[in-house]
Amino acid sequence: MNLQNITLISFGYFEKDFLEKTAEAVRLEFVCSANIREGHIDLSDFYDPGRRQYNGDKLLRQIDAMAFPDSVKVIGLFNIDLFIPILTFIYGQAFLGGRSGIASHYRLSNEPYGMVMDKKILLDRFRKEVIHELGHAFGLIHCYQPTCVMRSSTYVEDIDQKEQHLCLTCRTQLGV
């Protein structure tokens, strides 16, 4: 299966190396090209002052509406606290079998949990989350294999226990 090109759109500040390592993980996992673009949107349109968070549903629809004809999938990368109405927070989300997804590293860093910043842990968690959301965009549902990147994650500890890769079952379903 030739998955062609995936576009990662950076909204906000990310270190260049951080983005490049994330794109490389996407390239390797989905056997495709992955390019990084910089995006600009007014995030205030997505902010919910009562929750002091950003509405992931609305943000995902905004990303989905962006035109990238050279890309089979698009994922918006953020560093904001995301929610959907039925959950307290989310790390990301995607349209199942759709064209787009979003991921945020806001709750993936150690600092919100009172721990010391660790760039390696943050990068590992973020790459897993981006790959996870792209998996959904390619039609994969949550997996029950404990180490599969497609396993559901409620807490960062769940993400830490997963590998950065799809299990054999998920890879077979995807055709890579």
Give me the three principal axis extents of the stretch 1-105 from the C-alpha atoms, as integers in angstrom, largest value leading.
43, 30, 22
Cα-projected label distance for residue 172 with residue 118, points at 7 Å along beta-carbon direction, nm:
3.4 nm
Report the number of Lys pairs in the chain whose alpha-carbons are under 22 Å apart, with separation of 8 or more residues or on distinct chains.
16
If you plug each phi of the stretch 87-102 into the Karplus form 6.51 cos²θ - 1.76 cosθ + 1.60 with θ = phi - 60°, what whole-Hz ³J(HN,Hα) values come out, in order, with x for Gly and Pro?
10, 5, 7, 9, 8, x, 6, 8, 7, 4, x, x, 9, 9, x, 9
Using the Karplus equation 6.51 cos²θ - 1.76 cosθ + 1.60 (θ = phi - 60°), what ³J(HN,Hα) coupling, rounded to whole Hz, does each residue of the stretch 167-176 give in order, writing x for Gly and Pro?
6, 4, 4, 5, 4, 5, 4, 7, x, 10
Distance in Å, no decimals, from the C-alpha centre of the stretch 120-176 to the one of the stretch 11-72 is 18 Å
If R0 is 25 Å, what FRET efficiency do you get for residue 47 and residue 95 from their C-beta distance, rounded to 0.05?
0.70
Sum up the charges of everything whose Cβ sits under 12 Å from the Cβ of residue 59, counting Lys and Arg as +1 and Asp and Glu as -1, but leave residue 59 out.
-4
Cβ-isolated cysteines (cut-off 4.7 Å), the chain:
32, 170
Could you work out the pair-distance distribution P(r) of the chain from its alpha-carbon pairs, with 10 angstrom bin width and percents rounded to whole numbers?
10, 42, 38, 10, 0
Rounded D (µm²/s) - the stretch 79-167, Kirkwood Rh over Cα pairs, Stokes-Einstein at 20 °C, 1.002 mPa s
163 µm²/s
Net length gained if the chain between residue 163 and residue 20 were fully extended (0.36 nm per residue, minus Cα distance):
49.6 nm
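The numbers here are math on the coordinates, done by the rules we state, and not lab data. Note that the structure is a prediction, hence the values are computed from the model and not measured. Using ideal geometry, Cβ is built from the backbone for each residue, glycine included, and neighbour counts are taken over all protein chains shown.
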